[in-house]
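Below is one structure, written out as structure tokens; comments come after it.
The values are calculated or read from the model by the stated rules, or taken from the named source; none is laboratory data. Every value quoted in this text rests on a predicted model; they were computed, and no experiment measured them. All Cβ positions, glycine included, derive from the backbone under ideal geometry; neighbour counts span all protein chains shown. When the accessible area is computed, the model is the full protein with side chains, heavy atoms only, and any ligands, DNA or RNA have been set aside. Shrake-Rupley method; radii C 1.70, N 1.55, O 1.52, S 1.80 Å.
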Amino acid sequence: MTLLSVNDARAQILASLRPVTTTRVALELAAGRVLAENIRAESDFPHFDNSSMDGFALRAGDSAPGQTLRVTADIPAGSASLPTLKAGEAARIMTGAPLPPGADAVIAVEETDFTNRTAGSAAPEKVIVQRAVRPGENVRLRGADLREGEVVLHAGRRLRAQDVGLLAMLGAESLTVFARPRVTILSSGDELVPVGQPLTPGKIHDSNSYALAAQVESTGAQALRLGAAKDERAAVQALLDRAAESADLIVATAGVSVGAFDFVKEVVESNGTLNFWKVNMRPGKPLAFGEYRGVPFMGLPGNPVSAFVTFEVFARPALEKLAGATMRPRATRPVILAEAIESDGRESYLRAVVDPVTNLARLAGHQGSGNLFSLVQANALLIIPAGVKSRPAGKPVDAWLF
Ligand code: AMP
Ligand code: MG
């Protein structure tokens, strides 16, 4: 078996996957979804010149310290009838209200003097401005934010709250997004019992499928846990057949090692195709990737930490690709080692606690791949590049922060 770099394995997986189908969703349900169309501004925004302050619209040329202007109009937000301002005139105006023709600036109410200043009161007859304003001051010009026809959100973008706000601003009631990828998760092993059943000698709870389902959901995809198959060919095949019924990706854990009872590998091979890779990484035993009855299949190791880490390294980007999202490498952050670390030369993902203030990283307990608690204590994975066998305290390493 050839030794594959993490990057090459990930690139091969990504190259074989295509985004899922698209669907329409109401704007209210769009947050977190991946856009499948380019969104253009259908008009300039703002649509009309308007005031950015509560104050008085005027001609900048009329303003000077102590200058008195006649207030000839009152323009609340939402106003549609606008008088034309003539020389020496001002209009009381509210934030967001359209600028009247003739005016070219707004002076803030705090920089004026007039008599009736209480809320709800009518506009005064006269206003004294305290200073000269520049043309355009406190005016939001039509088209200053968005230009008609401009693409403001691109297909492949995962929509954030502010994006949803922009879509609402543009009046988009519904949008075309990618469907949420459906992921079936199955475990295998005679030792596994579901949560809710007591442990008898030799047994453990099937923890991987719960952690993996949570990881799947955190990508925006839908997870369906199918439970654990016994270490028998027929049981594994039956569960895989169910897993393939309506999934965009099948994720299996365990049963892909070289143990005597690891049937997942041979069942997948007999009904699909399987690349069985020894990836140059730690933790992570051989990683299996292929298709089962035409559905992409990923076989992760059984050890809980290995399953978690290989999901982050391979399955998370795979799900981003299936989701139609624009692919970007995951952001790493340089952190400083608070203690010396050792590695075996494989690309290593070490569980660590990074102090958010000092940026110093310490290992979170022993690094055995069955030690799930150390992953619970960790807030980061330190990424030690292939070829590095040790690194002293005080040196930087890249980290993924959870
Ligand atoms: P295997 O890949 O079947 O050799 O399993 C490797 C290790 O992972 C063994 O200690 C298994 O008991 C453990 N393991 C396998 N599947 C799970 C699971 N679903 N949840 C927790 N531990 C598991
Ligand atoms: Mg097993």
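Structure above, values below:
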quantity: Accessible surface, the chain, averaged per residue in Å² (probe 1.4 Å); calculated: 47
quantity: Two-decimal Rg to Rh for the chain - Kirkwood Rh, Cα set; calculated: 1.20
quantity: Angle between the chain longest axis and helix 207-218 axis [Cα atoms, degrees, rounded to 10]; calculated: 30
quantity: Exposed-site-free run, longest, the chain (rule: GluC sites (Glu not before Pro); DSSP loop; at most 11 other C-beta within 10 Å); calculated: 174-402
quantity: Most fluctuating residue given options LEU85, LEU375, LEU166, as computed from a GNM of the chain linking Cα atoms under 10 Å; calculated: LEU85
quantity: Where labels lie 7 Å past Cα in the beta-carbon direction, separation of LEU29 and GLU245 in nm; calculated: 2.2
quantity: MRE, 222 nm, helices only [DSSP H, n ≥ 4, -39500 (n - 2.57), over the chain, to nearest 500]; calculated: -5000 deg cm²/dmol
quantity: Accessible area of the chain belonging to carbon and sulfur atoms, whole % at 1.4 Å probe; calculated: 54
quantity: Spherically averaged projected area of the range 296-402 from its Cα convex hull (nm²); calculated: 7.3
quantity: GLN67-LYS86 pseudo-label distance in nm [points 7 Å out on the Cα-to-Cβ vector]; calculated: 1.7
quantity: Candidates VAL129, VAL256, VAL264, ranked by Gaussian network fluctuation over the chain, Cα under 10 Å, top entry; calculated: VAL129
quantity: Pairwise centroid distance, computed over Cα atoms, of the range 127-197 with the range 261-305, Å; calculated: 37
quantity: The range 262-353: trypsin sites (Lys or Arg not before Pro) in DSSP coil with no more than 15 other Cβ atoms inside 10 Å; calculated: ARG293, ARG330
quantity: Cleavage-rule hits (trypsin sites (Lys or Arg not before Pro)) in the range 99-155: DSSP loop, at most 14 neighbouring Cβ within 10 angstrom; calculated: ARG117, ARG131, ARG147
quantity: Derived scalar couplings ³J(HN,Hα) [the range 144-160; Karplus, 6.51 cos²θ - 1.76 cosθ + 1.60; whole Hz; x for Gly, Pro]; calculated: 5, 8, 9, 9, 3, x, 5, 6, 9, 9, 9, 3, x, 7, 7, 6, 9
quantity: For the chain, built as a Gaussian network whose Cα springs stay under 10 Å, the top-fluctuating residue of GLY255, GLY196, GLY156; calculated: GLY196
